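Below: one structure, written as structure tokens.
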Amino acid sequence: MKPEILLVEPMLDEIEARLDDAYVVRRLYDPAQKAAMGPALPGIRAAVTGGGTGLSNDYIDSLPALGIIAINGVGTDKVDLVKARGRNIDVTTTPGVLTDDVADTGITLMLAVFRHLVKGDNFVREGRWAKGEAFPLGTSPKGKRLGILGLGQIGRAMGRRAEAFGISVGYWNRSPQTDTGWTSYSTPTELAASSDILAICVAANAATQGIVNAEVLEALGPKGIVINVARGSVVDEDALLQALRDGTIAGAGLDVFVGEPRIREEFFTAPNTVLMPHQGSATRETRIAMGEIVLANLQAFFNGERPPNSVN
Ligand code: DGY
């Protein structure tokens, strides 16, 4: 008999087809299946979910046979790792394969803010170019300073890309990283004070919650922009919205938000701000590679082996 798994959010069709081949897949994202899920819960031994969605403690409590939470992503902030370990549940991620795409998203957002990409697209479509209206000059990345908050794989990949644009790189990281040649700063505020672009690449956890606060934004200054490809919770969104509205900073490119997808509506009218619906790793190529890792972690678990990408 095939083992039963819980699929919290959709994956690529071909990955879901392979899940269906190997398992009885209970789809929590399907409203009809969700409504009728109750009797199936005790038989479910694995849960597959996204990094931004995770699995609530209520669900963990309602799944007595759960042995693995396979995250389709690298963020573990939406899963209680200590609780999972206490229940002997492995939590796995998909490291490495999404690094480049998330870094690309950060650079895309930076250029989109600097060159008014979205505003320009609207300007052309609305016929304002044809009417001879003026369009604002952009900002050149060349010679600017990128401050990377959190120098993990994604931060490093963003730094390498930025150098190709003639941008100098500095960073703040909890533990010193000596192999890059980039300037290290001892606090997020010092980093921001020495940056034109503050790129948030740090993992979300209790220690990083709200560390991009009013003081950091003030230090970044009126020509500075914030790029966030990490998690909304790392930013004090009240402070960010205020800083955007009153010109404390020049703009922002944001892929992640608190409470997504139902984000604060003030973002819709925030000046010089480019918004993306949490698409950092969302390319077909990378979602296939991530799906392969999820499948491998599940297979190892059901073979009685330790999953290769367990993080807890
Ligand atoms: C991650 O890897 O956690 C991404 O944000 C996708 O959810």
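Laboratory data are not the source of any read-out in this text; all were calculated from the coordinates shown. What you see is a predicted model; the values in this text were computed from it and never measured. Heads up, the Cβs are rebuilt from the backbone with ideal geometry, glycines too, and the neighbour counts pull from every protein chain shown.
Odds and ends about this structure:
- Each residue of the stretch 302-312 was assigned a 3J(HN,Hα) from its phi angle through the Karplus curve 6.51 cos²θ - 1.76 cosθ + 1.60 (θ = phi - 60°); the sequence is 6, 7, x, 9, 6, x, x, 10, 6, 10, 10 Hz, with glycine and proline shown as x.
- For ALA70, nonlocal amide neighbours, meaning residues 5 or more places apart or on other chains whose placed amide H falls under 5 Å from its own, are ALA47, VAL48, THR49, THR92.
- Using a Förster distance of 22 Å, the FRET efficiency for GLU266-ASN205 (Cβ separation, nearest 0.05): 0.30
- Relative to the longest principal axis of the Cα atoms of the chain, the long axis of helix 237-246 lies at roughly 20 degrees.
- By the rule of a C-alpha distance below 28 Å, with chain neighbours fewer than 8 residues away ignored, the lysines paired with LYS142 are LYS119, LYS223.
- For the chain, the Cβ-based charge dipole about the Cα centre amounts to some 320 debye (Lys, Arg positive; Asp, Glu negative; other atoms uncharged).
- Taking a straight Cα-Cα cut-off under 17 Å and skipping sequence neighbours fewer than 8 places away in the same chain, the aspartates and glutamates within cross-link reach of LYS83 are ASP58, ASP61.
- Computed from Cα atoms, the angle from the helix 99-114 axis to the main principal axis of the chain rounds to 30 degrees.
- Considering helices alone, the calculated mean residue ellipticity of the chain at 222 nm is -10000 deg cm²/dmol, with DSSP H runs of length four and up weighted by -39500 (n - 2.57) and normalised per residue.
- Residue (of PHE135, ASN122, GLY106) at the positive-pole extreme of the stretch 54-177, dipole from beta-carbon charges: PHE135
- For LYS131, a cut-off of 17 angstrom between C-alpha atoms picks up these aspartates and glutamates, skipping any fewer than 8 places away in its own chain: ASP121.
- The base-10 log of I(q)/I(0) for the chain, evaluated at q = 0.10, 0.13 Å⁻¹, reads -0.62, -0.95 [Debye formula, identical scatterers on Cα atoms, solvent excluded].
- Angle between the chain longest axis and helix 153-164 axis [Cα atoms, degrees, rounded to 10]: 30 degrees
- Residues whose placed amide H lies under 5 Å from that of ILE44, excluding near-sequence neighbours: ALA65
- Going from the fewest other Cβ atoms within 10 Å to the most, the residues GLU133, GLU4 appear in the order GLU133, GLU4.
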